[in-house]
Amino acid sequence: QTPIGGIPRAHYKRAPAVLSPSYLFAEKMKCANLAVLLVFLQNAIALNATTTTTLQNVSIPLPTLVAYLTEPQATLNKPQFMPEPFANVTGSLNNNGVCQCSVYLPDTTFPVQKVEILEITARVLSEKFESELTKVSQYTKAIEIYEQKIRNLTIKVEHMESTSVSYTELDFQFLKLEINEMERLVTQLKSTLVGSNVIVEQLYVEIRNLTVMVNQLESLDQHNILAIRREIVTLQNRLKECEKDRNQTTAPPYFPPGSCGHGGIVNISQPNIVQLNWRGFPFKYGAWGRDYSLQTPEKDLYWVAPLNTDGRLLEYYRLHNSYDDLLLFKNARDYRIVYGEGSGTAVYKNFMYYNIYSSRDMGKLDLNTNTLAVRKTLPNAAYGNRFSYAGVNWQDIDFAVDESGLWVIYSTEESTGNIVISKLNETTLDVLHTWKTRQYKPSVSNAFIICGVLYATRPVNTRKEEIFYTYDTNTEQEAKVSIIIDKMLETVQSINYNPSDHILYVFNDGYLVKYNLIFQPVLH
């Protein structure tokens, strides 16, 4: 046997024998059958051109099969495939004396079995195609039905969210059953499709979103939505009542002048801007306030002491005998001193206390005569802008007044810059008692004292200041607090407290500003 085109083709050898007429007739019939099969093969080849997927079910490559089946007869005469023309065949004589021999024809030059395989494969593929086409039609109808169900469920869920109608657990269960059924059917649909289908995937995502929405609604209300809405209405009414109470002006607890029967600062009012200082806008540094006297707390004496434009030298100050005179710049009395330093000035019992220029000395100025009554060195006090407040220069020594008298706030080298508080004898300026804190003074923007409690501030931003630290000299306890102070401009140069009216007098970048303090009652 000689292989032809990759397909075995057998050849045969003819014997020099006389063939009978019946044999010749049979051979002609075979030729006719071959012609019919050749026509069928051409039709099968045409069918193969429209059914490309047949290739997956044929064990022999189709191009090789077609090339072999359609090979011209001339190729059979090529020398390399020529069969041997003769062969010796063993024969025998029959009873009539006719020579009989066995003739071995080739293993059929036409591959009938392969054509049959091709025909069967084409028929199977056609049936599969018709089946898949029917499925697609069914899926299209199913998808339309599911889309309509999703729209209906979406309307139901939106209606549940937007109305106050009561929905029971049964309603949620019904929704969940419908969604679960659609999810199951779409999952089956996805498993039957080969590859990805955008419509089915989008449908599946929408069903999952509906499931999440219903679960959220159910988790928000285990009983019914109406109950939640009633609760919301109740809370809204309570909120309105709270807002109404907040907007009503409620008088804070009253504490008489000089009294410490409160629990400390609990809140601070909005700033009350009085006016620009009398020397003008360029004079951003300074201090101002109202004189406080235990004997005559109702007496008015307002003082304003802006520094020179260098922010260091205290040279001029002004006095007013009433608040109206201050507002109208009437009946003002201007004075000059030589010299003070920084914005730590305070007035107590008609005397002005200040840091004498370029020293650690304290000065006590008689406002009736504008003369220096007492000059006293503050022991170990740092000066010369060594430990001034943050953002404010030359305020190493800061005087303060509270219900009990005169104080001074400063730092020493021994305290490594931490705040030191000393109680002073207002007559002699002797130090009566000293407390050392653990708060670094240059990290504080300013400080004041109320009822023996030091309150320290720091900037939050350009429009807010915060009281963040307290030190109680009565108990020697320090604490962290947070009380916000709104400010008009960025830098607070000084803060002076007056016990007679419980007001903070603040010098804010040249402007005179007041704050009302709100104290909390003592908690028993």
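The values are calculated or read from the model by the stated rules, or taken from the named source; none is laboratory data. The shown structure was predicted, so the numbers you read here are calculated from the model rather than taken from an experiment. Glycine also receives a Cβ, built like all others from the backbone with ideal geometry; neighbour counts cover every protein chain displayed. Protein only, heavy atoms only, side chains kept; ligands, DNA and RNA dropped before computing areas. Shrake-Rupley method; radii C 1.70, N 1.55, O 1.52, S 1.80 Å.
Look through region 261-283, keep the residues that are open to solvent by less than 70 Å² (accessible area, probe 1.4 Å) and part of a loop (DSSP other than H, G, I, E, B), and return whichever of them is modelled with the lowest pLDDT.
GLY261
Regarding ILE150, is this residue in a helix (DSSP H, G or I), at pLDDT 70 or above and within 35 Å of the chain's Cα centre (by Cα)?
Spelling it out, ILE150 is indeed in a helix (DSSP H, G or I), at pLDDT 70 or above and within 35 Å of the chain's Cα centre (by Cα).
When you go through ILE117, ILE155 one by one, which is the residue that is open to solvent by 70 Å² or more (accessible area, probe 1.4 Å), modelled with pLDDT of 70 or more and more than 29 Å from VAL205 (Cβ to Cβ)?
ILE117
Name the residues in region 504-524 that are of a type in the set (A, V, I, L, M, F, W, C) and out of contact with any Leu (no Cβ under 7 Å at 6 or more places or on another chain), would you?
VAL506, PHE507, LEU512, VAL513, ILE518, PHE519, VAL522, LEU523
Can you tell which of ILE467, ILE495 is at pLDDT 95 or above and out of contact with any Lys or Arg (no Cβ under 9 Å at 6 or more places or on another chain)?
ILE495
For region 312-340, name all the residues that are part of a loop (DSSP other than H, G, I, E, B) and touching a residue at least 12 places away in the same chain (Cβ under 8 Å).
Selection gives ARG312, ASN321, SER322, PHE329, ALA332.
Would you call SER343 within 21 Å of LEU424 (Cβ to Cβ) and part of a loop (DSSP other than H, G, I, E, B)?
no
Determine which single condition GLU241 fails, assuming it passes every other condition in (1) modelled with pLDDT of 70 or more; (2) under 35 Å from the mean Cα position of the chain (by Cα); (3) open to solvent by less than 70 Å² (accessible area, probe 1.4 Å).
Exception for GLU241: condition (3).
Please enumerate the residues belonging to region 411-423 that are assigned to a strand (DSSP E or B) and under 48 Å from the mean Cα position of the chain (by Cα).
THR412, ASN418, ILE419, VAL420, ILE421
Spot the failing condition for ASN380; the list is (1) on the phi > 0 side of the Ramachandran plot; (2) within 45 Å of the chain's Cα centre (by Cα), and only one is missed.
(2)
Quick one: would you say GLU341 is open to solvent by 10 Å² or more (accessible area, probe 1.4 Å) and either within 25 Å of THR491 (Cα to Cα) or of a type in the set (D, E, K, R) (or both)?
It is false that GLU341 is open to solvent by 10 Å² or more (accessible area, probe 1.4 Å) and either within 25 Å of THR491 (Cα to Cα) or of a type in the set (D, E, K, R) (or both).
Suppose we filter region 351-410 for residues that are open to solvent by less than 40 Å² (accessible area, probe 1.4 Å), touching a residue at least 60 places away in the same chain (Cβ under 8 Å), not in a strand (DSSP E or B) and not aliphatic (A, V, I, L, M); how many remain?
2
Can you pull out the residues in region 292-319 that are modelled with pLDDT of 95 or more and buried (at least 22 other Cβ atoms within 10 Å of the Cβ)?
Those that are modelled with pLDDT of 95 or more and buried (at least 22 other Cβ atoms within 10 Å of the Cβ): TYR302, TRP303, VAL304, ALA305, PRO306, LEU307, LEU314, TYR317, LEU319.
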